[in-house]
């Protein structure tokens, strides 16, 4: 393919990026942000998929089977925790105006400048090769595209102005300067840049999917065809098992851990995930759409790798299968699309990584040095904000230049995958201090610093330096015999740990040292007070009340503060800060008013956004006099709030308990009142019942005494009444005594084996007279067999007659009917007595077994004549007796008639053989 | 009514995904299919998709805070 067409397309593509970024920035200025959507946020996170994914995944799938998937499974795991963990980071970063991962770690450990510089240095060393890798991918892909079949020989010998990736790097530098350093405040979002990155993510996905469809459905007849052909190829048959993965199962787990950690700690990922996040709610959707993006971009990797291997020699290097497959088929447009996709993947990464690194370098390496130079302080009116942007721009150019040099000098000796994983392992060194710092308040600055240094040194020893040896710059004896011939220091088998793949080996030792130092030293050393506060603010980051506390207690004038801000931020930003605090007229340098604490906090935050937290703190301390920060107060507020929350929770529990107890007491009280009322009524009732017969006995007795002349028949009648009334009286007393015995448990029963059927029949016979008097019809339904139970015959008969008598009283007055039925029910006999009276309402059914309850019965029913007579003791006594006999007595709704149905249930007696037993069993 | 995101469920899902993506469960599916090529990639993609589905269900069914 001709060179100028490719160049024209490539640079047109870059021009489109400029247009999109400019459009995004203009929209942001007019307040109609294009990146305020979860989808754009997700696509910007997809900057994770670099040229390494685009070209390298297929290469890795060819060489080491399914292990390429791990690079994307790790981020999936990390994103699943996005709502829990990354949201916390976003919120803290927003509250503290944090601009990079170096700033974040430094702010967590007491705004330590040293720590920030250390993180920056590690990041530069780790990421530089990664940037070089992207440029290398551009060079090689361009060479493959234009010179297919590409020999690979002449690229290294070309001068740099012939190398397209040099010019691409230059264009990217211009782009990054234009859209990455528009504001001094690096914590402000780069809207245009993010829009362009999101666009690039779409382009690379579309390009890769297009190629995938081409391979599967154009070169082959669908996935099954490709699969069956691959199965016949000797190299492919075993290529997708765990055996093909370097290090096997251990290597698999190690790489998964590596990718999970690196996804969060790579500076560009921190930039898009945390710094460029518009709204933390976007994380929710991104948490599952981003993994979906990863699946989509990996779907065709294995088919393309298979197709490449099947193609044989024409496919050349596995890293360029994506280009050589369409090229070997003689196509022109598709290879160009793929090339643009790869370009998008590479440029997106370079842009974001450069912005992140340049911010870190200017804020944490250059600025601290400049702040210490005295001459900067000589002229207080001098505006340094222009300087800051200048430093950042120079840093961008330097990073790209260094990246290019790295690529030009040593890039040839590494394959794409190797560089990527080495960078990942270095970035993963940030994970312990970052993640542990988010959740463990005790982690301190000294531990973090030494942990980082230790981890970094182990990483260099186990991955970086042996890599140099493999490139041929150092003797291979370093790897084979160990440095200085010391066996146990062999970089790929430290302390004799052999058989693991080099990445798992390196990540294990480096993280072990890193975590061990961080945790160990933190446990045995102290935090200073600023560290304590910051640690508390970070670990409590998701609590809504935490960040709003005004912290400053020291004093300074508005004028001094104005001067400071003006010098470092420029006039416009300074006035914005002051206007928030009610300065209507323009603030001036000679305002002698005391600055409120909120204003000082605001000023520190504004400086943090531009310079990083460590430098901002140094500057604020230079003008604020007296106690700078009320740390004790912050800590106590944090602690008090958590204590108060705890107390509140306990109080709530207590009061809920009290409410419940009060409720119980009230109902118990009501019950007592009810019982008291019943007792009073009982006493009244008993007195009344006792007095009625007594009155008539006395009246007739007086007549007999005072009138000796009464006729003998009348005399006999009077005496008859007296006898009847006396019987009634003694019956009543007998009932009361029964009740008293039942309640005190002194009721004596003589249980024996008896036939319930016979007893029922006897009872019915005994009461026939009464029934006939009132013309009540009694239907008796008895079983054919005998119904053996163990009971006291007299008492049981008393109960049955009582129930029959009650039923007679309650039965309907016009056509009274009562039904008596004995039947078997499981292991019991049940005798039911049913009438056709008005019945008993459901809520009344238990109450009828209360003593004297009958007093209230049938109130409001017109026919008081039919109001039953009786003491109201019959049913309670009956129930007591049945309960003593081991049975139950209760009321149910009508079954065959319309009124109430009372049921006696008694257990069946044991079989005949043990007929002697019941008497003893009762004792 | 939608509830806030249940963080414990998300953490549980992450642990589950971690378990499914690593040996020994992974080894159960590292077996050759009829064609002779291992089931492993198919298993990984299937679990991957399932986990994403569950995550979407957990996250989208909750209200914004």
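The values are calculated or read from the model by the stated rules, or taken from the named source; none is laboratory data. In this text, all values refer to a predicted model and were calculated from it rather than measured experimentally. Note that each Cβ is placed from the backbone with ideal geometry, even for glycine, and that neighbours are counted across all protein chains shown.
Only a single criterion out of (1) surrounded by fewer than 16 Cβ atoms within 10 Å (Cβ to Cβ); (2) in contact with a strand residue (DSSP E or B) (Cβ under 9 Å, 6 or more places away or on another chain); (3) more than 9 Å from chain A (Cβ to nearest Cβ); (4) free of Cβ contacts under 8 Å to residues at least 60 places away in the same chain is not satisfied by residue B:25, namely (2). Taking segment A:29-51 as the search range and keeping residues that are modelled with pLDDT under 85 and either assigned to a helix (DSSP H, G or I) or surrounded by 23 or more Cβ atoms within 10 Å (Cβ to Cβ) (or both), which one is farthest from the chain's Cα centre (by Cα)? Looking at residues that are modelled with pLDDT under 85 and either assigned to a helix (DSSP H, G or I) or surrounded by 23 or more Cβ atoms within 10 Å (Cβ to Cβ) (or both), I get A:29. In segment A:275-310, how many residues are without any contact (Cβ under 8 Å) to a residue 12 or more places away in the chain and more than 9 Å from chain B (Cβ to nearest Cβ)? Final tally of qualifying residues: 0. Test each condition in (1) modelled with pLDDT of 85 or more; (2) within 22 Å of residue A:104 (Cα to Cα); (3) more than 32 Å from the chain's Cα centre (by Cα) for residue A:528 and report the one that comes out false. So residue A:528 meets the others, but not (1). Of the residues making up segment B:28-50, those that are within 7 Å of another protein chain (Cβ to nearest Cβ), buried (at least 18 other Cβ atoms within 10 Å of the Cβ) and part of a helix (DSSP H, G or I) are B:40, B:41, B:44, B:48.
Of all residues in segment A:211-237, those satisfying the criterion of being within 12 Å of chain B (Cβ to nearest Cβ) and touching a residue at least 12 places away in the same chain (Cβ under 8 Å) are A:223, A:226, A:227, A:229, A:230, A:233, A:235, A:236. The sole residue among A:789, A:848 that is touching a helix residue (DSSP H, G or I) at 6+ places or on another chain (Cβ under 9 Å) and in a strand (DSSP E or B) is A:789.
Tell me the residue from A:447, A:482 that is surrounded by 15 or more Cβ atoms within 10 Å (Cβ to Cβ) and modelled with pLDDT under 80, please. Answer to the check: A:482.
I'd like to know if segment B:52-65 contains one or more residues that are part of a loop (DSSP other than H, G, I, E, B), more than 9 Å from every other protein chain (Cβ to nearest Cβ) and either more than 13 Å from the chain's Cα centre (by Cα) or at pLDDT 85 or above (or both).
yes
Residues of segment A:238-260 that are within 10 Å of chain B (Cβ to nearest Cβ) and under 25 Å from the mean Cα position of the chain (by Cα): A:253, A:256, A:257, A:260.
With the condition being modelled with pLDDT of 85 or more and more than 38 Å from the chain's Cα centre (by Cα), I'd like the helices (runs of 4 or more DSSP H) fully within segment A:286-404 carrying at least 2 qualifying residues. Answer list for segment A:286-404: A:301-311, A:321-328, A:333-360. Total residues in segment A:261-271 satisfying the condition of being surrounded by fewer than 24 Cβ atoms within 10 Å (Cβ to Cβ) and either within 12 Å of another protein chain (Cβ to nearest Cβ) or more than 29 Å from residue B:42 (Cα to Cα) (or both): the figure is 0.
Within segment A:795-835, count every residue that is surrounded by fewer than 23 Cβ atoms within 10 Å (Cβ to Cβ), in a loop (DSSP other than H, G, I, E, B) and at negative phi. The number of residues fulfilling the criteria is 6. For segment B:1-22, filtered to residues that are facing chain A (nearest Cβ under 9 Å) and either free of Cβ contacts under 8 Å to residues at least 12 places away in the same chain or under 21 Å from residue A:251 (Cβ atoms) (or both), the residue that is farthest from the chain's Cα centre (by Cα) is B:7.
Got at least one residue in segment A:171-192 being within 14 Å of chain B (Cβ to nearest Cβ), free of Cβ contacts under 8 Å to residues at least 12 places away in the same chain, at negative phi and part of a loop (DSSP other than H, G, I, E, B)? Within segment A:171-192, none of the residues are within 14 Å of chain B (Cβ to nearest Cβ), free of Cβ contacts under 8 Å to residues at least 12 places away in the same chain, at negative phi and part of a loop (DSSP other than H, G, I, E, B). Whenever a residue of segment A:874-887 is free of Cβ contacts under 8 Å to residues at least 40 places away in the same chain, its partners that are buried (at least 20 other Cβ atoms within 10 Å of the Cβ), lying with C-beta atoms within less than 7 angstrom and at least six residues away or across chains, give the pairs A:879/A:889. Screening A:274, A:215 for residues that are under 30 Å from residue A:81 (Cβ atoms), surrounded by 22 or more Cβ atoms within 10 Å (Cβ to Cβ) and modelled with pLDDT of 90 or more leaves exactly one candidate, A:274.
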